[in-house]
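The values are calculated or read from the model by the stated rules, or taken from the named source; none is laboratory data. Here the structure is a predicted model, which means the values were calculated and not measured. Virtual Cβ from ideal backbone geometry, glycine too; neighbours counted across all protein chains shown.
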Amino acid sequence: MDRCIVLVDAGYLLGAAASLLAGEPSRSRITVDHTALIQGLRERAESDTQQPLLRIYWFDGAPDRVPQPEHRRLRVMPRVTVRLGALTRSDGRWAQKGVDAAMHAELTELARNRACSDVVLVTGDGDLLPGMMAAKEHGVAVHLWAVQAADGDYNQSEDLVAEADERRVLDRTWITRAVRAKEHTGVCAPQPAPRPEIAAILSAPLPESALATQAERPAPQPRHPVDGAGQNGGEERAPAAKGVPTPKDLAALRAPGTQPAQQPASATLRWSSDKGWVDRPTAEPPEAASMPTLAQLTTAEQRWADREEDITTVGGDPFEVGQVFARRWVERLGDQSHLQKLSGMYPRIPHRVDGELLRYAARFGLLAHKDDQIDERDRYAIRAGFWKEIGVRTGVEHAPVGE
């Protein structure tokens, strides 16, 4: 049949794009506009092959073959079929299993059934060579597309390159129409101010037990300079004992029977937030504990609509995710006094709302398959997006770090 089909190895396409744009093959370093990417693949395939597109097959890996948010968005697009292999972890690295075999089986089946006259392969793995040869034997023209390599060299199997009928390189200009590197601002917690209570702990006299232990230790032997060390009149000195108490020593300071004069000032717990270092109370205020969650405010019909919006509209950028969550929460609040109470708690989000926010963000693949934890920068961006939307709704501008 006179039509073309595109088979995409997503691991190769997006990994090579990340290497090109961000300097490393981690897909967590890039953001992808899947709608623009699919449209670009379709237009380029129809232009190169001079045939109408039948379908784009998107091959990717997923933990336990469970579709991730990007896969759910892709498979509802017209002319797109998603095929998932397993994503397994070995020696601390994630690797795709079954993707090459699935591509090989699909390619040979399409060629055997004469479903197309041209097939476009976006891959670099030499394991697909037998499938490519079988397709050619069935009279299918094979077009091999490569992503421009970051170092200017090949990032495809040489055997694939030699066997392909036509070759095309997707250069940086083409890639950046749908893919961009994430901007890491390097925001981090500010350096804490001098802590007099910590200084008091370190300068407090040690318990008698600790002093006795130090007395039993042999005195350090003086270190003699090696040959030529003192030629310039310098002399190597033995380091002075710092006498910093161990955690056991500090615990003994609080032990029963300790003299009150030896007890250091009580330390105040601190925590890092997007506003800086602030005191953390021992317990949340009552209004935080009574703050309703989004799940409590959402009806079954709204839950269905949220799911459709997440699949078709929400891109998955951490900042955007925080904004979407906050928008839904605010719009469904019956008692608007909760909104004013929440705004007054800045920069701290109540635990029950914050936990729900991060669980919602995890649906968009922000865990990055790394110990089931959201990256610290992404957590910052999620909460920043949340507070940005809250600020818009209340008219209160929440100042970011450094302002």
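Residues that are exposed (fewer than 15 other Cβ atoms within 10 Å of the Cβ), of a type in the set (Ser, Thr, Tyr), assigned by TED's automatic domain parsing to the domain that holds MET103 and farther than 29 Å from TRP94 by Cα: does segment 28-47 have at least one?
yes
Name every residue in segment 139-158 that is surrounded by fewer than 15 Cβ atoms within 10 Å (Cβ to Cβ) and either farther than 26 Å from GLY23 by Cα or small (Gly, Ala, Ser) (or both), in order of residue number.
The answer is GLY139, GLY152.
Have a look at VAL82, VAL169, VAL120 and point out the one that is farther than 23 Å from SER26 by Cα, in the same structural domain as VAL8 (by TED's automatic domain parsing) and either among the hydroxyl-bearing types (Ser, Thr, Tyr) or outside any helix (DSSP H, G or I) (or both).
VAL120
For segment 1-41, name all the residues that are of a type in the set (Lys, Arg) and in a loop (DSSP other than H, G, I, E, B).
ARG3
Condition first: closer than 28 Å to ARG65 by Cα, surrounded by fewer than 19 Cβ atoms within 10 Å (Cβ to Cβ) and at pLDDT 90 or above. Can you find one or more residues in segment 356-365 that meet it?
Yes: one or more hits.
Answer yes or no: is there a residue in segment 332-350 that is at pLDDT 90 or above and more than 20 Å from PRO69 (Cα to Cα).
Checking segment 332-350: at least one residue is at pLDDT 90 or above and more than 20 Å from PRO69 (Cα to Cα).
Among the residues in segment 49-72, are any without any contact (Cβ under 8 Å) to a residue 12 or more places away in the chain, in contact with a Cys (Cβ under 9 Å, 6 or more places away or on another chain), assigned to a loop (DSSP other than H, G, I, E, B) and loosely packed, with under 14 Cβ neighbours inside 10 Å?
yes
Just a yes or no: is a residue in segment 97-116 touching a residue at least 24 places away in the same chain (Cβ under 8 Å), surrounded by 15 or more Cβ atoms within 10 Å (Cβ to Cβ), out of contact with any Pro (no Cβ under 7 Å at 6 or more places or on another chain) and part of a strand (DSSP E or B)?
No, every residue in segment 97-116 fails to be touching a residue at least 24 places away in the same chain (Cβ under 8 Å), surrounded by 15 or more Cβ atoms within 10 Å (Cβ to Cβ), out of contact with any Pro (no Cβ under 7 Å at 6 or more places or on another chain) and part of a strand (DSSP E or B).
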